[in-house]
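These notes concern the structure reproduced below.
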Amino acid sequence: MTDVLGGIRVLDYGRFIAAPWCSALLADMGADVIRVEKRDGGEDRWVQSVTEGGEGGTFLQCNRNKRSLTLDSTTADGAEITRRLVEGADVVVANMPARAMRASGLDYESLRAIKPDVILASATAYGEGGPYSDRVGFDGTGQVMSGATYRQGLPEQPIRTVVPYADFGTALTLALGVMMALYHRQATGEGQHVEGALLPTALMMSNAFLIERDLLQIDKPRAGNRGTSVAPCDLYALADGWVLVQVAGQPMFERWCRLVGREELFADPRFADDDLRWANGDVLNDLMQEWCDGRSVAEALALLEAAKLPAAPMLSPQDVLDDPHVSAMGYLARVPFPGAAKPVPITGTPFRLSATPGTIRSPAPQLGEHTEEILGEIGFAADEIADLRARGIV
């Protein structure tokens, strides 16, 4: 099997999720990804510590298949090492404001002065060129400024999503952009700057809310776990857990009516289409909850599946780890890591290619684990590397 990105070298100056997960996907597909870190480690290495050494869970996920080089890039020697690294790189990935990129010599103009066909993939909070471009931000920044958080939560309390979807979504779009840029470079020999940002990613995911507001001048109220445009749709309490049910479209609604024994609702004008069913959702959601009362999760799911209605149990993290489908599909790879109590469950490449699938070949690197190896590859002799280490450059 040939790695799709075998022979492609990526310099990863990313931190936390948006840039590191982008480069992790490239690494899964065979790219040689070098994570360049400060000598005491990037901030994201130590967040949500789960190992004896202090590495965090998100770090272990987002940095598999990479090599680690520590470097003080603010020194003249560090700048020379950076120059040599860029000379041999195909892609540079970073997530920081444009001003910080320029200060670090990682802006596109500086990079292509060293390597004319280099591809820069940058992730920021707001994108470059607007009044917010120099602001910093995390995942929640994109969520709350996209209009999505305004629409989710409880009536009296907006609630942002704890899953960092703006970060991971930006990583996915950035990785797609890198692949397009590599394809373009293969055809033309030209590099380019690929930009991703948290806010436009979050806008993409909540665009329907904006369209609805602009065309209809409405903001639907926050409704907890209930649907934003259909009903019945909610998390329903069972005797031993919770089940999500989502009903959309007339054929599905009629199957649901038969399931709960309320065929007379077929002709009820309150429920003639999805919009009306949403507007009268309290009635339908209450009927669904009544049907669930006293039933077990297993019993309810069996009946819902037989009726061909979309439904799923609410799983705890431990439930997910124990789930037979997750196990059978190999969605979580068990990857050993020094200092971890046992092999770490790391999610695999989130897409599958039949001929050239992504693989996890190595765990996230320990701090500076590959410094000597990488410096040797760009022309430094052993005594020079020892001198750089003695002077605190690496």
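Laid out as a table, the results:
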{"quantity": "Residue match in segment 32-54 (condition: surrounded by fewer than 23 Cβ atoms within 10 Å (Cβ to Cβ), among the basic types (Lys, Arg) and over 21 Å from the mean Cα position of the chain (by Cα))", "calculated": "yes"}
{"quantity": "Identity of the residue in segment 72-109, polar (S, T, N, Q) and in a loop (DSSP other than H, G, I, E, B), that ends up nearest to VAL33 (Cα to Cα)", "calculated": "ASN95"}
{"quantity": "Residues (closer than 21 Å to CYS22 by Cα and at pLDDT below 90) located in segment 81-101", "calculated": "MET96, PRO97, ALA98, ALA100, MET101"}
{"quantity": "Unique match (being touching a residue at least 60 places away in the same chain (Cβ under 8 Å) and not in a helix (DSSP H, G or I)) among GLY53, GLY6", "calculated": "GLY53"}
{"quantity": "Test: residue in segment 309-319 that is surrounded by 12 or more Cβ atoms within 10 Å (Cβ to Cβ) and in a helix (DSSP H, G or I)", "calculated": "yes"}
{"quantity": "Residue under evaluation GLU109, criteria (1) modelled with pLDDT of 95 or more; (2) surrounded by 14 or more Cβ atoms within 10 Å (Cβ to Cβ); (3) under 19 Å from ILE81 (Cα atoms), criterion not met", "calculated": "(2)"}
{"quantity": "Identity of the residue in segment 240-267, aliphatic (A, V, I, L, M) and not in a helix (DSSP H, G or I), that ends up surrounded by the fewest Cβ atoms within 10 Å (Cβ to Cβ)", "calculated": "LEU244"}
{"quantity": "Any hit, segment 211-218, residues being within 23 Å of the chain's Cα centre (by Cα), more than 30 Å from ALA27 (Cα to Cα), modelled with pLDDT of 95 or more and not charged (D, E, K, R)", "calculated": "no"}
{"quantity": "From ARG135, ARG112, residue being assigned to a helix (DSSP H, G or I) and either over 16 Å from GLY14 (Cβ atoms) or touching a Cys at 6+ places or on another chain (Cβ under 6 Å) (or both)", "calculated": "ARG112"}
{"quantity": "All positions within segment 375-385 that are among the small types (Gly, Ala, Ser) and over 38 Å from the mean Cα position of the chain (by Cα)", "calculated": "ALA381, ALA382"}
{"quantity": "Flag if ALA237 is of a type outside the set (Val, Ile, Thr) and assigned to a loop (DSSP other than H, G, I, E, B)", "calculated": "no"}
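The values are calculated or read from the model by the stated rules, or taken from the named source; none is laboratory data. Just so it is clear, the model here is predicted, and its values are computed rather than measured. Neighbour counts are summed over all protein chains in view; Cβ atoms, including those assigned to glycine, are modelled from backbone coordinates with ideal geometry.
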